Amino acid sequence: MKMRLTVLGVGCLAAALALSACGSSGGGGNSSKSTSSNSSSSSTPAKSGGTLKVLEGTSPDSLDPDFGYTTQALEADDMVYVPMLTYAAKSGVAGTQLIPGLATALPTVSADGLTYTMTMRSGLKFSDGTPVVASDFAFGIQRSLKISWGGDSFFTQYIKGANDYATGKATSISGIVTDDTTGKITITLSQKYGAFDNLLAFESAAPLPKTTALKVLSNTPPVGIGPYKFGKIVPNASYTLVKNPDFASFKIPGVPAGNVDAVDVTVNSNTTAEAQAVLNNTADVFDAGDTIPSEVLPQVTSQASSRYQKEELASVYYFFMNTRVAPFNNLAARTAVNMALDRTALSKLSSGSLSPGCNFLPPTITGHTDGACSFGDPAVVPTAATLAKAKAMVASAGLAGTPVTVWSETRSPRQQYCLYLNDLLNKLGFKSSIKVIADAVYFQTIGKESTNPQIGFADWSQDFPNPSDFYLLLSKAAIQPTNNENFGDVDDPQIESQLASLESIPATQLSTVASKWAALDKYVADKSYVAPYGYETAPKFLSNRVNFDSAIFNPVEYIIFSTVSLK
């Protein structure tokens, strides 16, 4: 699951696990591998002023930062609530780098990895003029627990005393100590977690005034500290972001202060009309969480190629294979599937929304490697000789004729992916059939250990840009009687050993172990524990009123409205 789920996704929190988990992410926009090279700066000077007109196919689930959990909620809240840490306003891998937000510097971490210390910038004010103090950070965390933010298990699992506070056993979170005079904030964890820095970049961890009501404020969101503040809100129809005149004076390095005076966001559930409006320049931004319909895409690519490009997301689509039951408890069977998969064909079934890939870690995630895997190049159609070799491997392992059931969701194109897989398995010599499950219960069904599924559809989008978030799916700890996210029941001591070491590395030091994550990903590919076939992409599609180069598409935050300028 994406940290804040993509609009087409279905949120599903595995309560037994430390991480929020989602088997169903967005489902794709009509786009493919990005060629973007944008950074936080543009060769064209940014122009100030004007109103940016944005269309979204779905309204945010909530504009309250302590409750919203979709991409549409994130796009708005990212502009209004700057957390203590944030992500660099850049595209691609550079955009996953953590930088100080309201903190003066990245946190210092104790030798045992259990204590994080940081200092809040001085002179900050909420958008209503109220001075900000360090204890407002603690209140922001407390409020997200009291109103049941969808990812609150991140906090309750790792921050000492957070669970006691959430369950009413304590009146404060013992693991958070603040000093309003110095701005110092000390956080003590109940267990070591290297990705904790990423949790500090959630908008739900942003400081809020302690006078904020402990109830969901979707239509009258709390005041925050950001380049914009909320203006008029029409529930489920529209909202406006108005530039915060004080924010620029805080001079926070790397956090854009905004160019346009206002951002008007309107919900239009007809994505064909949404795309046509941007194509015809009556709207400025097609929401990256939406899908450009296949009937409109040719017009976009031919008539608006200079203002449309494809952006990679941290999302992987794959087929799980049950490593505990026949036939996929056999390496030869799993390898045969990976060898024979035509990932270009699956990309076509997605209308180009998937970029072919064979590694588990997707682009923009530390440890991802491009190019061929041990069983072939994902961008090349497997040859007849390769298919014959894969079929022979199945026969040599004595698995020809083994009954196999392919588990599939109902919706398109996910069912089409599984129909393709079912046909391929029969060609490889298995006796395969398909079982289609209603979308609403699909992941609960295959996540029930008693179901014992052999092979089927799965996908994952980041909760945050850290490889540990993806390797939850291949860890022994994720195997549960219900809400199991390790659908293939992968239990490998080599993986467990590497995760014990790698997951202790602070998020701000990920680059120092990038090669080790890549080596682990290669090991998983060589073992064919999963069959990845594509990485989801999203459209960056703007009107000709917009300075295209100034608009940053960030893999975590999507279009950063504060970077956009009009011509």
Open item on the list: Spelling out what I want: for every residue of segment 148-163, take phi, set θ = phi - 60°, compute 6.51 cos²θ - 1.76 cosθ + 1.60 (Karplus), and round to whole Hz; glycine and proline get x.
Closed with: 6, 4, x, x, 5, 5, 4, 6, 5, 6, 10, 7, 4, x, 5, 5
Task: Crossing angle, helix 71-80 versus the chain [Cα axis fit, 0-90 degrees, rounded to tens] - done: 30 degrees
Task: On Cα atoms only, tilt of 331-340 relative to the major axis of the chain in degrees - done: 80 degrees
TODO: Would you grab the residues whose amide H sits under 5 Å from the one on Ile176? Only those 5+ places off in sequence or on another chain, please, with H modelled 1.01 Å from N.
DONE: Thr188
Open item on the list: Restricting to Cα pairs below 8 Å that are 6+ residues apart, what does the relative contact order work out to for the chain? Please round to a whole percent.
Closed with: 24 percent
Task: Simple Cβ-charge dipole of segment 122-266, Lys/Arg +1 and Asp/Glu -1, about Cα centre, in debye nearest 20 - done: 200 debye
Open item on the list: Just want the answer: with Cβ charges of +1 for Lys and Arg and -1 for Asp and Glu, which residue in Ser412, Asn422, Val490 is farthest toward the dipole's positive end in segment 380-509?
Closed with: Asn422
Open item on the list: Using the Karplus curve 6.51 cos²θ - 1.76 cosθ + 1.60 with θ = phi - 60°, what ³J(HN,Hα) values do you get for each residue of segment 180-190, in whole Hz, with x for Gly and Pro?
Closed with: 5, 6, 9, x, 6, 10, 10, 10, 10, 8, 7
TODO: Rounded to whole Hz and in sequence order, give me ³J(HN,Hα) for segment 430-441 from the Karplus expression 6.51 cos²θ - 1.76 cosθ + 1.60, θ = phi - 60°, writing x for Gly and Pro.
DONE: 7, 9, 9, 9, 10, 10, 9, 10, 4, 3, 4, 10
TODO: Grab the beta carbon distance between Gln509 and Ser302, set R0 = 60 Å, and tell me the FRET efficiency rounded to 0.05.
DONE: 0.85
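Given the peptides 422-432, 256-266, arrange them by the average over their residues of other C-beta atoms within 10 Å, most packed first. Please list the in-between numbers first.
Details: 422-432: 19.1, 256-266: 20.6.
My ranking of the peptides, most packed first, is 256-266, 422-432.
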Open item on the list: What is the distance in Å between the Cα centroid of segment 528-567 and that of segment 393-416?
Closed with: 35 Å
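Residues of the chain: accessible area per residue at 1.4 Å, in Å²?
On the way: 19710 Å² over 567 residues.
Result: 35 Å² of accessible area for each residue.
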Task: With 5 Å bins from 0: P(r) over segment 416-567, alpha-carbon pairs, percent - done: 1, 7, 13, 15, 15, 14, 12, 9, 7, 4, 2, 0
Task: Reach of Lys516 by Cα under 12 Å, taken over aspartates and glutamates that are not fewer than 8 positions away in the same chain - done: Glu503
TODO: Could you point to the residue in Leu241, Phe196, Thr171 farthest towards the positive end of segment 160-255's charge dipole, with +1 and -1 charges on the Cβ of Lys/Arg and Asp/Glu respectively?
DONE: Leu241
Task: Charge context of Asp246, other residues only, Cβ under 14 angstrom, K/R +1, D/E -1 - done: +4
Open item on the list: For Ser433, what accessible surface area do you get with a 1.4 Å probe? Give it in Å², rounded to 10.
Closed with: 60 Å²
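With +1 assigned to the C-beta of every Lys and Arg and -1 to the C-beta of every Asp and Glu, and no other charges, what is the dipole magnitude of segment 397-476 about the Cα centre in debye, to the nearest 20? The partial results should precede the final answer.
On the way: 7 positive and 7 negative charges, 67 e Å.
For this selection, approximately 320 debye.
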Open item on the list: Assuming a strict under-28 Å limit between Cα atoms, what lysine pair count do you get for segment 189-287 once near-sequence pairs (fewer than 8 apart, same chain) are dropped?
Closed with: 12
- [ ] May I ask you to list the trypsin sites (Lys or Arg not before Pro) in segment 239-315 that are in a DSSP loop and have at most 12 other Cβ atoms within 10 Å of their Cβ?
- [x] Lys251
Task: Mean Cβ neighbour count within 10 Å, used as a protection proxy, ranking 73-83, 272-282 highest first - done: 73-83, 272-282
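If you roll a 1.4 angstrom probe over the protein chains with everything in place, what fraction of the accessible area of the chain belongs to carbon and sulfur, to the nearest %?
Numbers: 10240 of 19710 Å².
Of all accessible area on the chain, carbon and sulfur atoms account for 52 percent.
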TODO: Beta carbons within 10 angstrom, averaged per residue: use that to sort the peptides 398-406, 321-329, 482-490, highest first.
DONE: 482-490, 321-329, 398-406
Task: Interchain or long-range residues, amide H under 5 Å from Thr86's placed H - done: Ile99, Gly101
Task: For segment 106-125 versus segment 203-248, the gap between their alpha-carbon centres in whole angstrom - done: 25 Å
Task: Set of lysines near Lys389 by C-alpha distance (under 23 Å), chain-local residues within fewer than 8 positions excluded - done: Lys427, Lys431, Lys522, Lys527
Task: Angle in degrees between helix 414-427 and the longest Cα principal axis of the chain, rounded to the nearest 10 - done: 20 degrees
TODO: Would you mind calculating the relative contact order of segment 91-221 from Cα pairs under 8 angstrom and at least 6 residues apart, reporting the percent as a whole number?
DONE: 29 percent
Task: Label assignment, semi-axes √(5λ) of the Cα gyration tensor in Å derived from the structure, set (1) 38, 26, 23; (2) 37, 33, 21; (3) 39, 29, 20 - done: (3)
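Would you mind working out the magnitude of the charge dipole of the chain relative to its Cα centre, with +1 at each Lys and Arg C-beta and -1 at each Asp and Glu C-beta, to the nearest 20 Debye? Present the calculation step by step, with values, prior to reporting the outcome.
On the way: 41 positive and 47 negative charges, 96 e Å.
Magnitude of the dipole: close to 460 debye.
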TODO: Enumerate by residue number the trypsin sites (Lys or Arg not before Pro) in segment 129-222 meeting two conditions: DSSP loop (anything except H, G, I, E, B), and at most 15 other Cβ atoms within 10 Å of the site's Cβ.
DONE: Lys169, Lys192, Lys210, Lys215
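When a/c reaches 1.5 or more, the comparison of a/b and b/c decides; with that in mind, is segment 95-178 rounded, prolate or oblate per its Cα gyration tensor? Mind showing how you got there, number by number?
Values: a/c = 1.69, a/b = 1.20, b/c = 1.40.
Here segment 95-178 falls in the oblate category.
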Open item on the list: Can you return the aspartates and glutamates within cross-link range of Lys47? Criterion is Cα-Cα under 15 Å, with same-chain partners fewer than 8 residues away left out.
Closed with: Asp261, Asp549
- [ ] Would you be so kind as to identify which of Val255, Ala384, Ser461 lies farthest towards the positive end of the dipole of the chain, taking Lys and Arg as +1 and Asp and Glu as -1 on Cβ and the Cα centre as origin?
- [x] Ala384
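The values are calculated or read from the model by the stated rules, or taken from the named source; none is laboratory data. What you are looking at is a predicted structure, and each value in this text was computed from that prediction instead of being measured. We place every Cβ from the backbone using ideal geometry, glycine too, and count neighbours over all the protein chains shown. Protein only, heavy atoms only, side chains kept; ligands, DNA and RNA dropped before computing areas. Shrake-Rupley method; radii C 1.70, N 1.55, O 1.52, S 1.80 Å.
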